[in-house]
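The values are calculated or read from the model by the stated rules, or taken from the named source; none is laboratory data. Computed from a predicted model, the values in this text were never measured in an experiment. Please note: Cβ atoms are built from the backbone with ideal geometry, for glycine as well, and neighbour counts cover all protein chains shown.
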Amino acid sequence: MCGIIGYKGNKNAVEVVLNGLKDLEYRGYDSWGIASLNGGISLVKDVGKVSLITLEDLKLDPSKMAIAHTRWSTHGSVNQTNAHPHFSGNENFALVQNGIVENYQELRGELKEKGYQFNTETDTEVIVRLIEDKLKITNNLKEAIMTAFNKLKGRNAIVVINKENQTIYAARNGSPLMLGIGEDEFILASDPSPLLKHTKNIIFLDDYELVTIGDTYHIYNLQTNQEIQKEIQTLTWDPEQAKKGDYPHFMIKEIMEQKHTIKQALVQDPELIKNLAKEINLAFGVYAVGCGTAGKVCLAGTYAFSDIAKKHINFAFGSEFPNFHHFIQSRSLLIVVSQSGETADTLEAMETVQEKNGKVVSLVNVMGSTIMRKSDYSLLINAGPEIAVCSTKATTSQLALMILLAYAAADRYDEGMVLLKNTADQVGLMLNEEFNNSLQQLAEKIKDQRDIYIIGRGANYAIALEAAIKIQEVSYIHAEGFAGGELKHGPIALIEENTPCIAFVANDETKADILSNAMEIKSRGGYIIGVAPENNEVFNYWIKVPDVSYASPIVNIIPIQILAYYLAIARDLDPDKPRNLAKSVTVK
Ligand code: M6R
């Protein structure tokens, strides 16, 4: 949800922030902008994808200091005026923001009464005018930023470039921000991807912290103005992992990486997994919470815990979880799943539990992310950078860890490891050219369909929901997942001649019933695409997957990720940057 970046150092700052924006583009891609310091502040901004922009297009002189922004609009339409950065009236400073100023209307009203003019429809401009207003009192930009930032409600991060003292200021509360410390250079960004090329030494800023970057950096507590010392951490990701390599898109690259990412997810401290399982068993009320795909993993997890550990776990999407706050107490435990570790709705769910002194265990991909740092215990899923907006490799790693935790909770950790390692091997064999080609042909066949339905039972009901998201977000075909048994209660009325319906038929106790549900659809003209270890006469088309018992959600979702990818290609769409979406949803 918007990417922000700032650079001060010996390289050409304009080039660094332009390339950084391209790395951050998956966070938002409706417009972009750069402010660079070279005597005065020069500003270039436009609508569209920054990935199409070259250094020459910018016509900016090389400089040592710049800030930049790629936007996913929240307040105000997508146009050049609303694109960030936003200038102060005297053009002494410019500012970029990631987040939402929830009290912007109130602040804007107060500022208007004081005579301030507004040129944009954004909530960001309120921050600029507020800083200008505070400057009239203190005449010190750092203090003005602090006072203004403390008045903002909501989750926000800002970066400010100042002409007079050639300093960059950045502050955060709720939205991610990190500082990379290179040799004679400093780089600020919303996530690690643009930092990797420059340095692996990172300071993760916490809420209510402000950093100043002049000749060196200083970090302050925003509320007390006290300087603080923070630990420099080392990023484990490799810059090569964040590149497309020979693949045409990140989405297919990341799908294919599942040949080894599931194995990597299993590289955990066995004692930690067993201890977490103990915490889960001892807790009074366990909730699995995530959003979007991560939410579907949580739902699948509730079935894994039920089937394997005979343990009841509640599920809620992050945005719905606060409704259950009445049932949270100090012995409650939240299992949080998030690729980015920055999803605002998920963070809010965590806060709901932590306010009542409950515990949080998280499964995250991004090291140092807010969710990771705010959790009582955290497991890194080790999938490496996931750049495509559509989550693929993170999903199967999260599923693997959920299933492993369920086995550990049943005191069958070793058995779980054997199953999951075998599943990872089977995925390695399944992901080959022939498999992909067959799915590409299937995509060609169904690419013009108006609707696709997906059914599953048990954990594969969650996978039916996840498969629907995959198809929706990259192909824009209406896709909907159902519990197999629910169709006859209404949705079956939607089935027409040749309507494609994907049925997940795992070799488990749900098999007979899901096959009956598939037959009910076929009898009404549906075209049945069976995802199963064995063929069946009810299938019009069979996608063969390995038989891996309780790990079936892992092998079942992969062919649908590939199908979704090829549906996007067949419909001439960019699978890496679906319309209206952003990779990391840091607003509510
Ligand atoms: O970073 P998170 O896992 O917390 O993100 C949650 C969702 O926003 C994310 O899974 C989203 O649904 C993906 N675009 C799905 O492919």
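Structure notes:
- Some residue of the stretch 219-239 being over 17 Å from residue 176 (Cβ atoms), crowded, with 17+ Cβ neighbours inside 10 Å and more than 27 Å from the chain's Cα centre (by Cα): yes
- Residue check, residue 19 farther than 27 Å from residue 345 by Cβ and in contact (Cβ under 8 Å) with a residue 40 or more places away in the chain: yes
- Hits in the stretch 325-348 - residues which are in a helix (DSSP H, G or I), more than 11 Å from the ligand (Cβ to nearest atom) and in contact with a helix residue (DSSP H, G or I) (Cβ under 8 Å, 6 or more places away or on another chain): 325, 348
- Residue count, the stretch 90-136 (criterion: in a helix (DSSP H, G or I) and of a type in the set (A, V, I, L, M, F, W, C)): 8
- Any hit, the stretch 379-386, residues being over 30 Å from residue 578 (Cβ atoms), more than 13 Å from the ligand (Cβ to nearest atom) and assigned by TED's automatic domain parsing to the domain that holds residue 428: no
- Meets criteria (under 20 Å from residue 553 (Cβ atoms) and assigned by TED's automatic domain parsing to the domain that holds residue 342) for residue 282: no
- Unmet requirement for residue 95, which otherwise passes all of (1) at pLDDT below 95; (2) closer than 15 Å to residue 160 by Cα; (3) buried (at least 22 other Cβ atoms within 10 Å of the Cβ): (1)
- Of all residue pairs spaced 6 or more apart or on separate chains, those with beta-carbon atoms under 7 Å, a first member in the stretch 348-364 that is under 18 Å from residue 293 (Cα atoms) and a second member that is outside any loop (DSSP other than H, G, I, E, B) and of a type in the set (Gly, Ala, Ser) are 362/338; 362/378; 364/338; 364/378.
- Residue check, residue 467 at pLDDT 95 or above and in a loop (DSSP other than H, G, I, E, B): no
- Residue in the stretch 159-173 that is farther than 19 Å from residue 65 by Cα and assigned to a loop (DSSP other than H, G, I, E, B) present: no
- Residues in the stretch 522-537 that are more than 19 Å from residue 554 (Cα to Cα) and not in a loop (DSSP other than H, G, I, E, B): 3 in all.
- Any hit, the stretch 364-378, residues being within 11 Å of the ligand (Cβ to nearest atom) and assigned to a strand (DSSP E or B): yes
- Boolean, residue 462 is buried (at least 24 other Cβ atoms within 10 Å of the Cβ), under 25 Å from the mean Cα position of the chain (by Cα) and within 16 Å of the ligand (Cβ to nearest atom): yes
- Output for the stretch 292-324, where each listed residue is within 9 Å of the ligand (Cβ to nearest atom) and touching a helix residue (DSSP H, G or I) at 6+ places or on another chain (Cβ under 7 Å): 292, 293, 294, 296, 297, 318
- If you go through the stretch 354-396 and keep only what is among the basic types (Lys, Arg) and at pLDDT 95 or above, you end up with 356, 359, 393.
- Against the test of being in the same structural domain as residue 430 (by TED's automatic domain parsing), in contact with a helix residue (DSSP H, G or I) (Cβ under 8 Å, 6 or more places away or on another chain) and either part of a strand (DSSP E or B) or surrounded by fewer than 13 Cβ atoms within 10 Å (Cβ to Cβ) (or both), the options 503, 493, 512 yield a single qualifying residue, 503.
- Residues of the stretch 22-54 satisfying the condition of being modelled with pLDDT of 95 or more and aliphatic (A, V, I, L, M): 34, 35, 37, 41, 43, 44
- Per-region count, the stretch 392-428, residues in contact with a helix residue (DSSP H, G or I) (Cβ under 9 Å, 6 or more places away or on another chain), more than 18 Å from residue 380 (Cα to Cα) and of a type in the set (A, V, I, L, M, F, W, C): 4
- Enumeration of residues in the stretch 538-588 that are within 16 Å of the ligand (Cβ to nearest atom), in a loop (DSSP other than H, G, I, E, B), touching a residue at least 12 places away in the same chain (Cβ under 8 Å) and not aliphatic (A, V, I, L, M): 574, 575, 576, 577, 578, 579, 583, 584, 586, 588
- Residue count, the stretch 485-513 (criterion: touching a residue at least 40 places away in the same chain (Cβ under 8 Å), within 31 Å of the chain's Cα centre (by Cα) and within 16 Å of residue 535 (Cβ to Cβ)): 4
- Sole exception among (1) farther than 18 Å from residue 415 by Cα; (2) touching a Gly at 6+ places or on another chain (Cβ under 9 Å) for residue 243, by number: (2)
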